[in-house]
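Below: one structure, written as structure tokens.
The values are calculated or read from the model by the stated rules, or taken from the named source; none is laboratory data. Because the structure is predicted, anything quoted here is derived from the model rather than measured. When we count neighbours, we look across all protein chains shown, and the Cβ atoms used for this are built from the backbone with ideal geometry, even at glycine.
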Ligand code: MLT
Ligand code: MN
Ligand code: ZN
């Protein structure tokens, strides 16, 4: 299985257009010390040519330009066979509407996520005016085989599981499984990847689940719980925003450092997170714990 991190920043990207926090300043003045990043999304493929997106970010157009696939024979070619969603947040779903030029699209989403993009953000409804969109229901804990656009099985199988989080602020109702983590398993090789870009807590059961995978892509949004409060740009803690902070007691670094997976990588990193600065003490702590700070274009073959 091939995995490409297409975007590794949280909503707003890095640097964020209206932000002059310390990491955003470094990303503008000295991008070698803090590499700019687009908004969180990943792509998985069994054959390295036909890809499934894990979330569709507002930066999807540029991101697809960096995805490897053979030169198409025809005039039109859609390099994406399907899109699997973890939630209905704007940074994970606006890209669906931007792919409307594909005449056909397949999505996999939980019933709760489908309802929010259909009835609340209406991203699905708008996209359907341009393209024929099929939605396959992701039922938590029930593996779903991903098929290519022509209906043949890809050999990749997705299992979703609810993670601690609130619904998007534009959702009118809170329904079960509005935010999930994913495990992608390659049936042929047995290799697996966990994709959990938004997660408010790391209970033992979740840590045990992540321990069964070869690659863990995990929520690296905030370094500290009071990050936005300390900068004077927000009132809510990281945990109140459903993102377990990386550092501190009970933080994700402490919980993930003992996992056996060879590759443990942070993604969905907010522009305020000091670990984005390569020579920062925070980055050194992540690397000393055996984890990596994800960057756009990072690739894995499992
Ligand atoms: C989040 O990650 O908490 C959401 O995407 C919030 C947002 O950026 O709208
Ligand atoms: Mn987000
Ligand atoms: Zn910033």
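Some points to look at:
- Residues satisfying the stated conditions in region 77-93, i.e. away from ligand 2 (no atom under 12 Å from the Cβ) and in contact with a helix residue (DSSP H, G or I) (Cβ under 8 Å, 6 or more places away or on another chain): 79, 80, 83, 85
- Any hit, region 21-37, residues being in contact with a strand residue (DSSP E or B) (Cβ under 6 Å, 6 or more places away or on another chain), at pLDDT 95 or above, surrounded by fewer than 23 Cβ atoms within 10 Å (Cβ to Cβ) and closer than 23 Å to residue 222 by Cβ: yes
Yes/no per residue for (1) buried (at least 18 other Cβ atoms within 10 Å of the Cβ); (2) assigned to a strand (DSSP E or B):
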site: 124; (1), (2): yes, no
site: 127; (1), (2): yes, no
site: 133; (1), (2): yes, yes
site: 151; (1), (2): no, no
site: 171; (1), (2): yes, no
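- Count of residues meeting criterion [assigned to a loop (DSSP other than H, G, I, E, B), more than 24 Å from residue 86 (Cα to Cα) and more than 16 Å from ligand 3 (Cβ to nearest atom)] in region 279-302: 3
- Given (1) in contact with a helix residue (DSSP H, G or I) (Cβ under 6 Å, 6 or more places away or on another chain); (2) in a loop (DSSP other than H, G, I, E, B), index of the condition residue 216 fails: (2)
- Within this structure, residue 33 passes the test of being more than 15 Å from ligand 2 (Cβ to nearest atom) and either in contact with a helix residue (DSSP H, G or I) (Cβ under 6 Å, 6 or more places away or on another chain) or more than 23 Å from residue 104 (Cα to Cα) (or both).
- Selection count where residues are under 16 Å from residue 280 (Cβ atoms), outside any helix (DSSP H, G or I) and within 16 Å of ligand 1 (Cβ to nearest atom), scope region 9-34: 3
- Tally of residues being in contact with a strand residue (DSSP E or B) (Cβ under 9 Å, 6 or more places away or on another chain) and assigned to a helix (DSSP H, G or I) across region 254-278: 3
- Checking residue 58 against (1) buried (at least 19 other Cβ atoms within 10 Å of the Cβ); (2) touching a residue at least 60 places away in the same chain (Cβ under 8 Å), the condition it does not meet: (2)
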